[in-house]
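What follows is a single structure, written as structure tokens, with notes after it.
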Amino acid sequence: MISTTAKKQIDNWIAKYPTDRKSSAVMEALKIVQAENENSLTPEAIQAVADYLDMPGISVAEVATFYENYNHRPVGKHTIRFCHNISCMLNGSDDLIAHLEKKLGVKTGEVTKDGLINVKKVECLGACVGAPMFQIGDQYYENLTADKIDEIVDGLK
Ligand code: FES
């Protein structure tokens with residue numbers, strides 16, 4: 001369930017913590033395993049992470065279901081996490097989210113017909129100075145406009 005490559009990546013995170021605290025790598029381990037499994041965590045994947053980190057399955061499931069950056073159904077290759085909190089909202093995020101939904105032909109929470117992209121509305125991502133903004137993977141895109149969004153989305157493969 002966890003590839004050799006993913007295990008090496010998880011081991012790098014485990015090495016950052018004291019030897020008796022490998023469970024501290026749980027969030028990164030879930031992120032790595034999710035990326036390998038079509039951007040989604042099945043109960044089997046969660047249990048595999050638990051086994052690898054010598055943790056109870058329920059403890060890993062609690063983490064995986066608490067944070068919104070983990071998915072539990074197929075959501076496409078790219079998740080656009082669009083901030084709609086106060087700074088972004090005051091700088092036009094509502095109109096830009098509507099623009100993005102129209103461009104992709106989906107509402108937030110839905111996956112495009114080609115299975116490539118889904119859009120999530122999220123709370124503040126701590127980049128208010130660059131509002132309005134969204135996140136794709138580990139990358140932040142700030143000071144968004146409709147034209148900038150079109151360019152970014154057209155570049156997703
Ligand atoms: S309100 Fe959008 S990043 Fe803070």
| query | Given Ile86, Ile97, which one is touching a residue at least 12 places away in the same chain (Cβ under 8 Å), buried (at least 16 other Cβ atoms within 10 Å of the Cβ) and not assigned by TED's automatic domain parsing to the domain that holds Pro43? | reply | Ile97
| note | Of the listed residues (Ala127, Ala131, Ala146), the one being at pLDDT 95 or above and more than 16 Å from the ligand (Cβ to nearest atom) is Ala146
| request: Output the residues belonging to the range 82-121 that are within 16 Å of the ligand (Cβ to nearest atom), of a type in the set (Val, Ile, Thr) and more than 20 Å from Asp147 (Cβ to Cβ). | output: Ile86, Thr108
| task | Kindly indicate whether Ile136 is more than 10 Å from the ligand (Cβ to nearest atom), in contact with a His (Cβ under 8 Å, 6 or more places away or on another chain) and under 23 Å from Lys31 (Cβ atoms). | result | yes
| said: Please go through the range 64-76 and give me each residue that is surrounded by fewer than 18 Cβ atoms within 10 Å (Cβ to Cβ) and not acidic (Asp, Glu), ordered by number. | reply: Thr65, Phe66, Tyr67, Asn69, His72, Arg73, Pro74
| Odd one out for Cys83 among (1) under 16 Å from the mean Cα position of the chain (by Cα); (2) more than 16 Å from Phe134 (Cβ to Cβ) | (2)
| request: Could you please tell me which pairs satisfy a Cβ distance under 6 Å, a separation of 6+ or placement on different chains, a first residue in the range 24-36 that is over 16 Å from Met1 (Cβ atoms), and a second residue that is aromatic (Phe, Trp, Tyr)? | output: Ser24/Tyr17; Ala25/Trp13; Glu28/Trp13
| said: Looking only at the range 1-28, count every residue that is part of a helix (DSSP H, G or I) and more than 13 Å from the chain's Cα centre (by Cα) and tell me the total. | reply: 19
| remark: Looking across the range 72-81 at residues that are at pLDDT 90 or above and of a type outside the set (D, E, K, R), the single one that is farthest from the ligand (Cβ to nearest atom) is His72
| note | Subset of the range 62-110, residues of a type in the set (D, E, K, R) and within 12 Å of Lys120 (Cα to Cα), comes to Glu68, Arg81, Glu101, Lys107, Glu110
| field | Residue count, the range 118-157 (criterion: free of Cβ contacts under 8 Å to residues at least 60 places away in the same chain and either buried (at least 16 other Cβ atoms within 10 Å of the Cβ) or assigned to a strand (DSSP E or B) (or both)) | value | 22
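The values are calculated or read from the model by the stated rules, or taken from the named source; none is laboratory data. Please read all numbers here as calculations on a predicted model, not as lab measurements. A quick note on method: Cβ atoms are made from the backbone with ideal geometry, for glycine too, and the neighbour counts reach across all protein chains shown.
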